[in-house]
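All remarks here apply to the structure that follows.
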Amino acid sequence: MTPSTASVVPTGEGRHRTGEGQHRRTQVDPLAALRAPGDPPWDVYLTGTVFLDIVFTGLDSAPVRGTESWARGMGSSPGGVANMATALARLGLRTSLAAAFGDDHYGDYCWDALEQGEGIDLTPSRRVPGWHSPVTVSMAYEGERTMVSHGHEPPPEEPAPDRPPRARAAIASLTPGRRAPWIAQAAARGTRVFADVGWDDTGAWDLAGLADLAHCEAFLPNAEEAMRYTGATCPRAAAHALTEHVPLAVVTLGAEGAYAVDRRTGETAEVPAIAVEALDPTGAGDVFVAGFVTGTLAGWPLADRLAFAGLTAALSVQEFGGSLSAPGWSEIAGWWRRVRSVAGQDPAALRRYAFLADLVPDDPIRPWPLRRAVPTIGFRRPA
């Protein structure tokens, strides 16, 4: 099975505050060949917390107590679940997000960046009076990051609706020992649920505590998480062990790439990572998941999905910020044209990404102006 040929389609007017007015967005629609009357209105639904991320990069080392460190770069952007939502939208998926937004300036900025800047549906989201936006400060150095966050829990009725909207897929972040009722509801309506998980602060690492995994089609932990949950001493063995609990297991291997096992077909795949100089790794894992979900919904072979997810993550770490570092199709097409033009490329490596030829047109895609993380979230407008 080969990837379906995608269409380049206009997706409406996107507002971008560059002083140049509105611009026509031109996107690749990776699901164009699959769309039909009666389809769910959304390709992907997700819910979670939106943070205002402030990222410092170019630090020579970790901050030292009692000293002052100067960063060579800084950016601000929506973060948290916004990382995943933006990555999905920039890959052409119709994305709906349920999140709580503070009624402060940070909340205004995040709402505008996601709804107007990225075309993400915020109908299920809510503005919460008197609740300030959560903030994360991220410091990137030596290929890693250290984060400090502050925030308060939103009111318990925020933000997830009682009944999630119809969607082809949903992405859930599982919490050990806690069920999220919307996951079972979405799965019962035919939504394909993709799950990731954070670090288990309890130290239990018990798969039985991830009760909602039973409703999921795919589980995408990193190597350390996969081995701790399964007791395996090798991430590849951990992936196989996870398929006893979920049909499709994808384990990210850091600089080694990713490994996946599909229990239903017996298929396995492993794709190495693309070596890049990382400016900021914030949100790279979310971009990887978004790329994998895109390929899965489009019906691509497992190895192509892994390669595409790794490529999108590699492109993202070369920009500031989590959400606004996510690549669009213009950047994917530009990378594909560029690597083919470099003499001495490994033919086998080029063949690994040859499926992109059926996805991006030969002619350059006219990019819409992608927002990027900037040092400040806004300037005063001239009088």
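The values are calculated or read from the model by the stated rules, or taken from the named source; none is laboratory data. Please read these numbers as outputs of a predicted model, since none were measured by experiment. We place every Cβ from the backbone using ideal geometry, glycine too, and count neighbours over all the protein chains shown. With ligands, DNA and RNA removed, areas are computed over all heavy atoms of the protein, side chains included. Shrake-Rupley method; radii C 1.70, N 1.55, O 1.52, S 1.80 Å.
With r as the distance between the Cβ atoms of ALA208 and ARG351 and R0 = 56 Å, compute the FRET efficiency 1/(1 + (r/R0)^6) and round to 0.05. If you can, show how the numbers build up before the last one.
Numbers: r = 42 Å, r/R0 = 0.76.
Approximately 0.85, to the nearest 0.05.
With contacts taken as Cα pairs under 8 Å and at least 6 residues apart, the chain reaches a relative contact order of 19 percent. Taking packing as the residue-averaged number of other Cβ atoms within 10 angstrom, the listed peptides 46-55, 228-237 run from highest to lowest as 46-55, 228-237.
Find the relative contact order for region 67-158 and round it to a whole percent, using C-alpha pairs within less than 8 Å whose residues are 6+ positions apart.
Details: 113 pairs, mean separation 22.5, N = 92.
Once normalised by length, the contact order is 25 percent.
At most 12 other Cβ atoms within 10 Å plus a DSSP loop assignment makes a site exposed; report the longest stretch of the chain without any exposed GluC sites (Glu not before Pro). Intermediate values should be presented prior to the final figure.
Values: sites that count: GLU20, GLU68, GLU142, GLU157, GLU244, GLU277.
Segment 278-383 is the longest.
Between THR265 and ASP39, what is the FRET efficiency for a Förster distance of 22 Å, r being their Cβ-Cβ separation, to the nearest 0.05? List each step's numbers first, then the result.
Values: r = 24 Å, r/R0 = 1.11.
After rounding, the FRET efficiency stands at 0.35.
Each 10 Å bin from zero up to the one holding the largest Cα-Cα distance in region 167-312 carries the following percent of pairs: 12, 44, 36, 8, 0.
Work out the FRET efficiency for ARG337 and GLU144 from their Cβ-Cβ distance, taking R0 = 45 Å, and round it to the nearest 0.05.
Working: r = 32 Å, r/R0 = 0.70.
For R0 = 45 Å, the calculated efficiency reads 0.90.
Of all DSSP beta bridges confined to the chain, the antiparallel ones make up roughly 50%. Between SER69 and ALA184, the contour length at 0.36 nm per residue exceeds the alpha carbon distance by 36.7 nm.
Compute the Cα gyration tensor for region 126-246, then decide on rounded, prolate or oblate, letting a ≥ b ≥ c be the square roots of its eigenvalues: rounded whenever a/c is under 1.5, prolate when a/b is larger than b/c in the other cases, and oblate in all that remain. Don't skip to the end; give the middle numbers.
On the way: a/c = 2.09, a/b = 1.14, b/c = 1.83.
Note, shape of region 126-246 comes out oblate.
Would you work out what percent of the accessible area of the chain, with all protein chains in place, is carbon or sulfur (probe 1.4 Å)? The nonpolar share, carbon plus sulfur, comes to 52 percent. Taking a sphere under 11 Å around the Cβ of ARG192 and counting the other residues whose Cβ falls inside, with K and R at +1 and D and E at -1, yields a net charge of 0.
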